[in-house]
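The values are calculated or read from the model by the stated rules, or taken from the named source; none is laboratory data. Model, not experiment: these values are computed from the prediction. Cβ placement follows ideal geometry from the backbone for every residue including glycine, while neighbour counts extend to all protein chains displayed.
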Amino acid sequence: MIPDKELERIRNDFPILSRGINGKPVIYFDNACMSLRPKQVMQAMNQYYEEYPACAGRSIHKLGRAVTERVAEARKTMAKFLGAKVEEIVFTRNTTEAINLVSHSLDFKRGDAVVTSDREHNSNLLPWQFLSKKAGVEHRVVYSDDNMEFDLERFEEAVGKGVKLVSLFHTSNLDGYTLPAREIIKISHEHGSLVMLDGAQSASHKQVDVKKLDVDFFALSGHKMLGPSGTGVLYGRYELLEKLEPFMLGGDTVQSSTYDSHVLLKPPEKFEAGLQNYAGSMGLAEAARYIEKVGKDKIEKHENELNRFISERLLQIKGTSIIGPKQVELRGGVVSFNIEGLNHHDVAIMLDESNIMVRSGQHCVHSWFNAHNIPGCVRASLYLYNTKEEAEKFLDKVAEIAKLG
Ligand SMILES: Cc1ncc(COP(=O)(O)O)c(C=O)c1O
């Protein structure tokens with residue numbers, strides 16, 4: 001666990017944790033949906049609006065040059081965060097846009113196949129369903145084993161001939177499970193398939209080095225990693241980015257144009273059409289620096305130890321069941337659960353009455369819930385600022401609620 005003194009310092013950086021609501025502290029366990037933001041991130045964004053509120057790349061005056069420099073710095077920070085080269089970092093609005101960039105820009109042909117898993121977020125499912133309908137691309141789903149772990153044997157069967165892309169969650173927002181990414185990528189490459197990881201839930205909670213993973217594309221969202229909403233990154237191997245045709249065109253993507261032609265800029269600029277979210281990129285980079293300062297391994301360990309404490313005690317409460325692998329060490333910082341006889345939304349509302357914030361429903365993984373005939377669940381998802389005292393309060397409240405079931 002993060003030592004108490006450090007945890008206190010961290011918590012002081014998040015205004016809502018000190019302020020609370022209606023005089024009561026907030027227990028924020030909805031981090032898989034969106035994390036809180038530290039004041040350093042807000043300051044970095046304010047600094048843009050206060051000190052150099054201008055346009056990057058276009059204007060050569062002092063303010064324009066200052067923004068251009070800060071955006072370049074932000075890109076460098078995100079490249080370091082992921083172990084990538086600077087020119088391999090494309091700023092997007094979020095993970096969804098990053099995945100759609102690839103689904104629209106790779107040269108899919110009729111008869112190509114895409115492989116996903118049985119518990120993808122809609123953002124890594126709908127783009128492939130669309131492509132399947134529109135362009136005749138085959139969409140293959142790999143089903144998890146009985147313990148909700150990735151089934152490498154089934155995967156090897158699915159990743160045969162014709163698979164252009166394997167596109168999988170890295171860490172699941174349903175249950176916190178992280179895939180054996182390296183093996184998956186190795187097998188995929190042996191079969192000549194590219195791999196994209198949806199890193200919305202991983203980059204914020206653990207070490208991710210895209211070069212060590214040897215992954216071809218990697219997507220993340222700023223708002224799940226202490227950064228501003230409306231920010232994200234697509235990492236792409238440079239040789240691949242060079243070949244991709246951007247799916248959005250316009251200002252800032254071209255070197256020059258005539259009435260009937262244009263010459264595109266090189267990656268990443270050719271994918272960043274229109275005026276960008278400069279304050280957002282700066283806030284995102286500040287969030288990455290914040291995470292690195294605390295330490296990704298420390299954060300991962302902290303969340304999982306808290307999860308162990310919660311999961312073990314939760315299962316002692318009559319009527320509770322947890323979704324996902326039995327071993328808590330496979331579920332990162334996520335506890336998705338149900339209480340027999342109680343609706344998941346009712347449980348979330350009762351927790352909210354004590355300012356304990358969780359998410360309830362199908363968490364944008366409708367396909368998995370529908371396939372298993374489960375209406376939904378309550379999800380508590382942890383982050384670096386959560387404490388054991390908060391976990392105890394949460395468990396006491398769940399125990400009280402469970403008596404109603
Ligand atoms: C695993 C996963 N993929 C993709 C997304 C979509 O992220 P965004 O809405 O930021 O694009 C989420 C968001 O919850 C997610 O958890």
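Structure above, values below:
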{"quantity": "Region 123-148, residues that are in contact (Cβ under 8 Å) with a residue 40 or more places away in the chain and under 19 Å from His104 (Cα atoms)", "calculated": "Ser123, Asn124, Leu125"}
{"quantity": "Odd one out for Ser59 among (1) of a type in the set (Ser, Thr, Tyr); (2) assigned by TED's automatic domain parsing to the domain that holds Val233; (3) more than 16 Å from the ligand (Cβ to nearest atom); (4) part of a helix (DSSP H, G or I)", "calculated": "(4)"}
{"quantity": "Pair list, Cβ under 7 Å, 6 or more apart: region 149-166 residue on the phi > 0 side of the Ramachandran plot, other residue outside any helix (DSSP H, G or I) and at pLDDT 95 or above", "calculated": "Gly162/Asp112; Gly162/Ala113"}
{"quantity": "Flag for Tyr235 being aromatic (Phe, Trp, Tyr) and closer than 20 Å to Glu292 by Cα", "calculated": "yes"}
{"quantity": "Pick from region 22-40, criterion modelled with pLDDT of 95 or more and more than 16 Å from the ligand (Cβ to nearest atom), ranking: nearest to Gly199 (Cα to Cα)", "calculated": "Pro38"}
{"quantity": "All positions within region 265-317 that are surrounded by fewer than 21 Cβ atoms within 10 Å (Cβ to Cβ), within 15 Å of Leu384 (Cα to Cα) and small (Gly, Ala, Ser)", "calculated": "Gly295"}
{"quantity": "In region 85-105, residue farthest from Ser281 (Cα to Cα) [restricted to those that are away from the ligand (no atom under 16 Å from the Cβ) and surrounded by 22 or more Cβ atoms within 10 Å (Cβ to Cβ)]", "calculated": "Glu88"}
{"quantity": "Region 135-161: number of residues that are of a type outside the set (D, E, K, R) and under 22 Å from the mean Cα position of the chain (by Cα)", "calculated": "6"}
{"quantity": "Count - residues of region 348-368 that are within 16 Å of the ligand (Cβ to nearest atom) and in contact (Cβ under 8 Å) with a residue 40 or more places away in the chain", "calculated": "9"}
{"quantity": "Flag for Leu179 being among the aliphatic types (A, V, I, L, M), in contact with a strand residue (DSSP E or B) (Cβ under 7 Å, 6 or more places away or on another chain) and under 28 Å from Ala113 (Cβ atoms)", "calculated": "yes"}
{"quantity": "Count - residues of region 206-230 that are of a type in the set (Phe, Trp, Tyr) and either within 13 Å of the ligand (Cβ to nearest atom) or not assigned by TED's automatic domain parsing to the domain that holds Val86 (or both)", "calculated": "1"}
{"quantity": "Single condition Leu241 does not satisfy, out of (1) more than 16 Å from the ligand (Cβ to nearest atom); (2) in contact with a helix residue (DSSP H, G or I) (Cβ under 8 Å, 6 or more places away or on another chain); (3) not in a helix (DSSP H, G or I)", "calculated": "(3)"}
{"quantity": "Set Lys80, Lys109: member being assigned to a helix (DSSP H, G or I) and either assigned by TED's automatic domain parsing to the domain that holds Ser59 or modelled with pLDDT of 95 or more (or both)", "calculated": "Lys80"}
{"quantity": "In region 357-368, residue surrounded by the fewest Cβ atoms within 10 Å (Cβ to Cβ) [restricted to those that are touching an Asp or Glu at 6+ places or on another chain (Cβ under 8 Å) and not in a loop (DSSP other than H, G, I, E, B)]", "calculated": "Met357"}
{"quantity": "Complete set of residues in region 218-251 that are more than 28 Å from Leu36 (Cβ to Cβ) and either buried (at least 17 other Cβ atoms within 10 Å of the Cβ) or among the polar types (S, T, N, Q) (or both)", "calculated": "Gly236, Arg237, Leu241, Leu244, Pro246"}
{"quantity": "Members of region 339-356 found to be crowded, with 21+ Cβ neighbours inside 10 Å and not aliphatic (A, V, I, L, M), listed by number", "calculated": "His344"}
{"quantity": "Of all residues making up region 372-404, the number that are under 12 Å from Leu342 (Cβ atoms) and not in a helix (DSSP H, G or I)", "calculated": "6"}
{"quantity": "Residue pairs meeting the criteria (Cβ under 8 Å; at least 6 apart or on separate chains; first on the phi > 0 side of the Ramachandran plot, in region 205-222; second outside any loop (DSSP other than H, G, I, E, B) and away from the ligand (no atom under 13 Å from the Cβ))", "calculated": "Asp214/Arg182; Asp214/Ile185; Asp214/Lys186; Asp214/His189"}
